[in-house]
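*Asks:* The structure's right below; bear with me while I get my questions together.
The values are calculated or read from the model by the stated rules, or taken from the named source; none is laboratory data. Only a predicted model underlies this, so the values are computations on that prediction, with no experimental measurement involved. Methodologically, a virtual Cβ is constructed for each residue, glycine included, from the backbone with ideal geometry; neighbour enumeration extends over all protein chains shown. These area figures cover heavy atoms from the full protein model, side chains too; ligands, DNA and RNA do not enter into them. Shrake-Rupley method; radii C 1.70, N 1.55, O 1.52, S 1.80 Å.
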Amino acid sequence: MAATDTISDMLTRIRNAGMVRHQTTNVPSTKMTRSIAAVLKLEGFIADYEEVGEGIAKNLVIALKYKGKARQPTITALKRVSRPGLRVYSNKKELPKVLGGIGIAIISTSQGIMTDRQARQQGVGGEILCYVW
């Protein structure tokens with residue numbers, strides 16, 4: 001488990017926890033996973049997140065969000081776009097719209113991690129990390 005893709009790992013953990021209706025899931029804490037968690041919270045896909053543990057053993061505890069009596073997960077799908085073997089970049093003119101604007105694309109820009117919507121407003125492009133809807 002040394003050189004894994006932390007973003008894919010995070011998305012997989014959230015996806016799996018959602019499928020079995022867990023309240024929370026743990027993700028190893030990195031600057032990148034914290035930024036993505038912040039965007040997911042801001043966009044209303046997760047209820048909350050907090051950092052636990054110390055030093056190298058820090059984890060993010062992500063509180064998942066469900067809707068309705070059947071407790072349907074708020075996140076229907078997480079799709080990794082850019083990965084270590086194949087980076088995917090987009091300039092500001094070609095930023096993707098996810099499901100006609102229902103979903104979000106999380107983009108790593110020079111101004112930090114943000115949604116495709118924010119990147120369009122700020123007029124920046126960057127690496128497309130993942131789609132969430």
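*Asks:* Among THR76, THR24, what's the order by accessible area (1.4 angstrom probe), most exposed first?
*Replies:* THR76, THR24
*Asks:* Return the inverse of the average 1/r over all pairs of distinct C-alpha atoms in the range 12-73, which is the Kirkwood hydrodynamic radius, in Å to one decimal.
*Replies:* Hydrodynamic radius (Kirkwood, Cα pairs) of the range 12-73 is 11.9 Å.
*Asks:* With no solvent and one point per C-alpha, what does the Debye sum give as log10 I(q)/I(0) for the chain at q = 0.11, 0.13, 0.16 Å⁻¹?
*Replies:* So the normalised log intensities work out to -0.38, -0.53, -0.80.
*Asks:* Turning to a different aspect of this structure: In percent, how large is the relative contact order of the range 37-133, given Cα pairs closer than 8 Å and 6 or more residues apart?
*Replies:* Worked out over the range 37-133, it gives 26 percent.
*Asks:* Same structure again: Please identify the trypsin sites (Lys or Arg not before Pro) of the range 7-109 that satisfy two criteria: DSSP loop assignment and at most 15 other Cβ atoms within 10 Å. Which are they?
*Replies:* Hits after loop and neighbour filter: ARG21, LYS58, LYS69, ARG71, ARG87, LYS97.
*Asks:* Choose one answer from LEU99, LEU40, LEU78: the residue with the largest mean-square fluctuation in a GNM of the chain with alpha-carbon springs under 10 Å.
*Replies:* With Cα springs under 10 Å in the chain, the top fluctuation among LEU99, LEU40, LEU78 is at LEU99.
*Asks:* Is any residue of the range 59-86 close enough, with backbone N under 19 Å, to a label point placed 7 angstrom from the Cα of ARG117 along the Cα-Cβ axis, and if so, which?
*Replies:* Under 19 Å, as judged by backbone N against the label point of ARG117, lie 65-67, 74-79 of the range 59-86.
*Asks:* Here's another thing I want to ask about it. Report the net charge of residues surrounding VAL20, where surrounding means a beta-carbon distance below 12 angstrom and charges are Lys +1, Arg +1, Asp -1, Glu -1.
*Replies:* Charge balance near VAL20 sits at +4.
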